[in-house]
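First comes the structure, then the notes that go with it.
Every read-out reported here was derived from the displayed coordinates using simple, explicitly stated rules and does not represent laboratory data. From a predicted model like this one, the values you see are computed outputs, not experimental measurements. We place every Cβ from the backbone using ideal geometry, glycine too, and count neighbours over all the protein chains shown.
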Amino acid sequence: MARILVLYYSSYGHLAKMADAVAGGVRDAGHECQVRRVAETAPPEVAAAAGFVADHTHPEIEGINSLPEYDGLVIGAPTRFGRMPSQMASFLDQAGGLWFTDALVGKAAGAFTGTAAQHGGQETTLFSIITNLLHFGCTVVGLDYGFKGQNGVDEVRGGSPYGASTIANNDGSRLPSDVDLAGAKYLGRRVAETAAKLIA
């Protein structure tokens, strides 16, 4: 049985819901999963002005050195101008020691994100996460086209081959749809299955 960490940052709650769906996919596949969030680092006045919703959905991650305890990682963060936000970047920037010692080499990993608009930087944000994962030596697992829900134009859909995603609308009023959550769940299952094969 693989042990997977779902690690996320969420400003408005959308990514917390996606994280729960990823975890559901891991657990439905028969593997162990913990969901953790990175700390909010925006100054309180900035967070208040932007209408951030304080996230207490899951415990904060114990620290960067806890990452090697897991067989796989799924990292989620919303976009900030086409890349991951500083909250997640700051956390991952602490991983120099893990990189230097190859502590994450060979672990299965994936990414998920959310944007306000359909073309708001989902794929570049996913790649900003994936870039870190590749530097860590992880085996990256995308949202492959076995998940058919990402195809079609009959409704607003998240998802790309690079990871699961959701679209929040400019005012944050759109919560992750059933299709978006299904994509996140599929990604969680695929990362867990891949991790299990890598540790076998």
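The table below lists the values:
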item: DSSP-defined antiparallel bridges as percent of all bridges, the stretch 57-172, nearest 5; result: 10
item: J(HN,Hα) series, the stretch 72-88, from Karplus relation 6.51 cos²θ - 1.76 cosθ + 1.60, nearest Hz, glycine and proline x; result: x, 10, 10, 10, x, 7, x, 7, 10, 6, x, 8, 5, x, 4, 4, 6
item: Percent antiparallel among DSSP beta bridges (both partners in the chain, rounded to 5); result: 5
item: Trypsin sites (Lys or Arg not before Pro) restricted to DSSP loop in the stretch 16-107 with at most 11 other C-beta within 10 Å; result: none
item: In order through the stretch 109-121: 3J(HN,Hα) via Karplus (6.51 cos²θ - 1.76 cosθ + 1.60), integer Hz, x for Gly, Pro; result: 8, x, 9, 8, 8, x, 9, 6, 10, 4, 10, x, x
item: Total charge dipole magnitude, the chain, about the Cα centre, Cβ charges on Lys, Arg, Asp, Glu only, Debye to nearest 20; result: 300
item: Amide H within-cut-off set for Cys33, under 5 Å, with H built and near neighbours excluded; result: Ile4
item: Under-5 Å amide H pairs with Ser160, H placed in peptide plane, nonlocal only; result: Ser165
item: Long-range amide H partners of Ala108 with built H, under 5 Å; result: Leu73, Thr139
item: Convex hull volume of the stretch 5-98 per residue (C-alpha atoms, cubic angstrom); result: 99
item: Pairwise FRET efficiency - Ala54 versus Ser177, Cβ, R0 = 25 Å, nearest 0.05; result: 0.55
item: The chain: C-alpha pair distances exceeding 25 Å, %; result: 28
item: Sites matching chymotrypsin sites (Phe, Trp or Tyr not before Pro) across the stretch 100-200 that sit in DSSP coil, with at most 11 neighbouring C-beta atoms within 10 Å; result: Tyr145
item: Equivalent ellipsoid semi-axes, the stretch 87-200, via Cα gyration tensor eigenvalues times 5, rooted, Å; result: 27, 18, 10
item: Exposed-loop-free span, longest in the chain, where GluC sites (Glu not before Pro) count as exposed if DSSP calls them loop and at most 14 other C-beta atoms lie within 10 Å; result: 63-154
item: Rounded to the nearest 20 debye, dipole of the stretch 1-82 from Cβ charges on Lys, Arg, Asp, Glu; result: 180
item: Taking the chain and dividing mean pair separation by its residue count, relative contact order in percent (alpha carbons under 8 Å, at least six apart); result: 28
